[in-house]
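Worksheet for the structure shown next.
Any read-out appearing in this document is the output of simple, stated calculations on the displayed coordinates, not a laboratory observation. Computed from a predicted model, the values in this text were never measured in an experiment. Glycine also receives a Cβ, built like all others from the backbone with ideal geometry; neighbour counts cover every protein chain displayed.
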Amino acid sequence: MNGFSIHAATSIKAHERDRLEKLLRYLGRGPVSHERISLDENGNILYELKSSYDGATHVMFSPMEFIEKLASMIPPPYKHQVNYYGCLSSHSKLSPKIVGGSVVGSCGQGDLQQECKNDGEAEVESDDSSASRYIPWAELLKRTFGIELSTCPKCGGRVRVIAAIMEVEAITKILNHVGLGSDPPKGQFLTKEEHVYESFY
């Protein structure tokens with residue numbers, strides 16, 4: 001339609017949140033799968049093909065070629081990756097009637113204190129079009145990166161936030177007490193003689 005390919009065979013009902021999440025994860029998936037990347041004995045990058053049409057199972061790149069391919073996927077600065085048009089646009093007068101409630105905005109100190117108060121539970125107000133939903137940071141990390149922080153690795157019990165420490169002096173004392181140190185790690189910079197340059201021509 002007008003030069004665009006449109007797939008409209010998938011429909012999701014309003015209450016099917018699990019199907020909606022699955023669809024959004026599919027649409028937002030990365031262009032490169034980490035599980036299909038490997039190295040050969042010569043240090044070249046092998047990328048396994050999902051389907052083989054001519055018998056080939058992998059595509060081979062030199063390290064610099066692979067970096068070149070990855071760099072081309074980086075979007076320009078301040079360039080939106082998702083654009084909304086028509087009634088879904090934020091400037092449309094119909095947008096509030098279609099989109100519905102809004103999500104809590106930026107996460108700050110108040111959000112963390114609220115999480116301590118709610119013991120990490122999600123706060124959901126139902127039956128209100130202007131209701132906001134708060135998702136704990138641990139749940140966001142689990143859903144996004146697969147990191148499990150709500151369960152103790154030693155005893156298997158539930159981990160919860162018991163305090164939000166914002167004072168620099170208190171943080172310094174705690175870090176020094178547990179032997180971690182309060183000074184940031186020092187960066188290691190290569191000298192001019194240590195830099196290695198490779199010609200692309």
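For this structure, a couple of remarks:
- Local electrostatic count, Ser182, Cβ distance below 13 Å [Lys/Arg +1, Asp/Glu -1]: -2
- Close amide H pairs (under 5 Å, H built 1.01 Å from N) link Tyr134 with Glu123, residues at least 5 positions away or on another chain.
- Size check on segment 18-66: the Cα extents along the three principal axes, sorted descending, read 44, 25, 15 Å.
- Amide hydrogen proximity for His58: with H placed 1.01 Å from N in the peptide plane, the residues at 5 or more positions away or on another chain lying under 5 Å are Leu49.
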